[in-house]
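These notes concern the structure reproduced below.
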Amino acid sequence: MPPVIFGTSSLGNLYQEIDYETKRDIVNECIEHSFDKPLFDTAGKYGAGMALETLGRCLSDLSVHPDDVIICNKLGWYQTELLTPEPTFEKGVWVNLKNDAVQKISYDGILECFNQGNRLLGVYSAKMVSVHDPDEYLATASNEIEEKQKYHDILEAYQALADLKKQKTITSIGIGAKNWKVIERIANDVDLDWVMIANSLTVKSHPEDLMAFIADLNKKNITVINSAVFNGGFLIGSDFYNYQKVDRNSMNGKALYEWRDSFFKLCNRFKVKPAEVCFSFGFNVEGVSSIALNTTKPEKIKENVNMVNKEVPSDFWKAMQEEQLIAIPIIR
């Protein structure tokens, strides 16, 4: 697994719409600066299939051979016709979409998502796959009986992926979710090759029990990918925390902005970039193999990749602890 995995949510117009030429330049920069074969992380949910379509088109326009790229597709969201003024999922997050998406998590549903994803990719196909957002799927249950049925649906979806792996249609099976407790639950019932933890292990949030879980995964040789180490962009300047708009006037919103203001002042004092700090912390936790990064700016790709070798001064971490901005020191 390369140390940096290239996220593609920006190709699906996350937060803002960017033109195709810029998207193609982003993909090209990822290819140019990848450590080995570029690994793109995508999902049917990203722009309701737009990211998949755009990634396939960009790779084709750049004359990238299918064997020279690795695609990871998080499955569970199926592209449908847009029948409302805005998409019905994650309202206010995706911009100017031409399609909608619905969640399909079951044996047949996950195969539908897999096949549609490959069609949207064109001549390319996903070899790394997972069930996307099983935590959100479980959260829609209105009672315990329904929750059990939905969990059964998730296990059935994983059985479908296991069958694809047996057929050698795919190479590995994983999971991507924001609620790491759901990842832990599923990992006890399913043989996983990799785990993508989103929004959960950052310089702002790093619970001890999550650290213990990652250590356990490491002992089992399950690869851990840390995603959304900027908490959806908030830690480097956006107004979205974990993909939700932050209300400055709320108690939680005020606390978040106060934390960030102190964090930025400390970064300025030590002459380190907030992004470098976020990357360093998220990457250097024992057991983490890779960081998934996403950007809307082609010129940021090289800088992002170079963060692998960027060292943050130990005095900075001490200051973070002294100001109670971090619960634990840098791990590795």
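Shown here is the pair-distance distribution of the range 134-192: with all Cα-Cα distances grouped in 10 Å bins from zero up to the longest one, the shares run 22, 51, 23, 4 percent. Build a GNM of the chain with springs between Cα atoms under 10 Å apart, and of L52, L14, L62 the one that fluctuates most is L62.
A simple rule links phi to the HN-Hα coupling: the Karplus curve 6.51 cos²θ - 1.76 cosθ + 1.60 with θ = phi - 60°, which for the range 10-27 gives 5, 5, x, 6, 6, 6, 8, 9, 10, 6, 4, 4, 5, 4, 5, 5, 4, 4 Hz, with x for Gly and Pro.
On the protein heavy atoms, probe 1.4 angstrom, tell me the percent of accessible surface of the range 137-284 carried by carbon and sulfur.
Values: 3390 of 7180 Å².
About 47 percent, which is the carbon plus sulfur part of the accessible surface.
Taking only the C-alpha atoms of the range 220-332, the Rg (one decimal) and the largest Cα-Cα distance, Dmax (whole number), read 14.4, 44 Å.
Rg/Rh for the range 1-148 (Cα atoms only, Rh after Kirkwood) is 0.99.
Averaging sequence separations of C-alpha pairs under 8 Å and six or more residues apart, then dividing by the length of the chain, give the relative contact order as a whole percent.
Averaging sequence separation for qualifying contacts and normalising by length gives 18 percent for the chain.
Given their separation in residues at 0.36 nm each and the Cα-Cα distance between them, S250 and N306 gain 16.5 nm when the chain is fully extended.
Please compute the alpha carbon radius of gyration of the range 173-278, then divide it by the globular-protein estimate 2.2 N^0.38 Å. Two decimals is fine. Output field value: 1.20. Which trypsin sites (Lys or Arg not before Pro) in the range 246-303 sit in a loop by DSSP (not H, G, I, E or B) and have at most 13 other Cβ atoms within 10 Å of their own Cβ? Of the trypsin sites (Lys or Arg not before Pro), the ones in loops of the range 246-303 whose Cβ has at most 13 other Cβ atoms within 10 Å are R248, K271.
Grab the eigenvalues of the alpha-carbon gyration tensor for the range 106-240, scale each by 5, take roots, and send me the semi-axes largest first in whole angstrom.
Numbers: eigenvalues 122, 70, 56 Å².
Equivalent-ellipsoid dimensions as semi-axes: 25, 19, 17 Å.
Just to confirm the filter: which GluC sites (Glu not before Pro) across the range 232-332 are DSSP coil and have at most 16 other Cβ within 10 angstrom of their Cβ? Could you put the intermediate results ahead of the total?
Numbers: sites: E258, E276, E286, E299, E303, E311, E322, E323; in loops: E286, E299, E311, E323.
Here the GluC sites (Glu not before Pro) that fit, given the DSSP loop and packing criteria, are E286, E299, E311, E323.
Its alpha carbons give the range 69-119 an Rg and a Dmax of 12.1, 36 Å.
Entry for the range 162-203 at q = 0.14, 0.17, 0.24 Å⁻¹: log10 I(q)/I(0) = -0.37, -0.51, -0.81, Debye formula applied to identical alpha-carbon scatterers, no solvent contribution. Spacing of the modelled spin labels on S205 and V102, each 7 Å from Cα toward Cβ, amounts to 3.0 nm. The structure-derived value of Cα extents along the principal axes in Å appears in the list [x] 53, 48, 42; [y] 55, 45, 37; [z] 113, 45, 34 under the label [x]. Whole-Hz Karplus values for the range 297-307 come out as 10, x, 5, 7, 4, 4, 4, 4, 5, 5, 5 Hz, taken residue by residue from phi with 6.51 cos²θ - 1.76 cosθ + 1.60 and θ = phi - 60°; glycine and proline positions read x.
Would you mind giving the three semi-axes, in whole Å and largest first, of the ellipsoid equivalent to the range 279-332 according to its Cα gyration tensor?
Value: 24, 13, 10 Å, ordered largest first.
A Gaussian network model of the chain, with springs between Cα atoms under 10 Å, assigns the largest mean-square fluctuation among G237, G117, G287 to G237. As an equivalent ellipsoid, the range 250-292 spans semi-axes of 23, 16, 7 angstrom, where each value is the square root of five times an eigenvalue of the C-alpha gyration tensor, largest first. If the chain linking Q159 and V95 were pulled fully straight, counting 0.36 nm for each residue of separation and taking away their Cα-Cα distance, it would gain 19.6 nm. Taken along its three principal axes, the alpha carbon spread of the range 198-247 comes to 40, 18, 15 Å, from the longest extent down to the shortest.
Counting 0.36 nm for each residue step from T80 to F35 and taking away their Cα separation leaves a gain of 12.6 nm.
The values are calculated or read from the model by the stated rules, or taken from the named source; none is laboratory data. What you see is a predicted model; the values in this text were computed from it and never measured. Cβ: placed from backbone, ideal geometry, glycine included. Neighbour counts: every protein chain shown. Protein only, heavy atoms only, side chains kept; ligands, DNA and RNA dropped before computing areas. Shrake-Rupley method; radii C 1.70, N 1.55, O 1.52, S 1.80 Å.
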